[in-house]
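*Asks:* Before anything else, here's the structure in question.
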Amino acid sequence: MVDKYNADMQLHGPEVVEMMKLAVWCLQSDYQRRPSMTVVIQVLEGFVSVQDNLDFNFINAPARRTIATTGDDRVAVHDGTTLFASDLSGPR
């Protein structure tokens, strides 16, 4: 995925690959395997490396949640998992 005809990509090849890995890490199907924003910043600053055991299978991603609106309430329907804000964002 690194363009061999792009001088900037060739010059910064390892960094480009690291950013692609970071993107894949953020897109993991299992939300518990995704990095927190703190970890993302640490990767961008060079303090932390991207995990090696990433799941590159994006074909069998879980089904999207369907949101039904009833009055002022939004309710998730047809969903196998309950996702809480605290699970998604982690401690602050």
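*Asks:* What does the charge count near LEU44 come to, summing +1 for each Lys or Arg and -1 for each Asp or Glu among other residues with Cβ under 13 Å from its Cβ?
*Replies:* Net charge in that neighbourhood comes out at -2.
*Asks:* How compact is segment 1-41 by the rule of thumb for globular proteins, expressed as Cα Rg over 2.2 N^0.38 Å?
*Replies:* 1.41
*Asks:* May I ask you to compute the full-extension gain from PHE58 to ALA7, defined as 0.36 nm times their residue separation minus their alpha-carbon distance, rounded to one decimal in nm?
*Replies:* Value of the extension gain: 15.4 nm.
*Asks:* Another question about this same structure. With the crude spin-label approximation of a point 7 Å out along Cα→Cβ, what separation in nm comes out for MET20 versus GLN32?
*Replies:* Result: 3.0 nm between the two label points.
*Asks:* Can you list residues from other chains, or at least 5 along the same chain, whose modelled amide H is less than 5 Å from the amide H of VAL48?
*Replies:* VAL43
*Asks:* Report the net charge of residues surrounding LYS21, where surrounding means a beta-carbon distance below 11 angstrom and charges are Lys +1, Arg +1, Asp -1, Glu -1.
*Replies:* Charge balance in the 11 Å sphere: -3.
Values in this text are rule-based calculations from the coordinates and carry no lab data. What you are looking at is a predicted structure, and each value in this text was computed from that prediction instead of being measured. Heads up, the Cβs are rebuilt from the backbone with ideal geometry, glycines too, and the neighbour counts pull from every protein chain shown.
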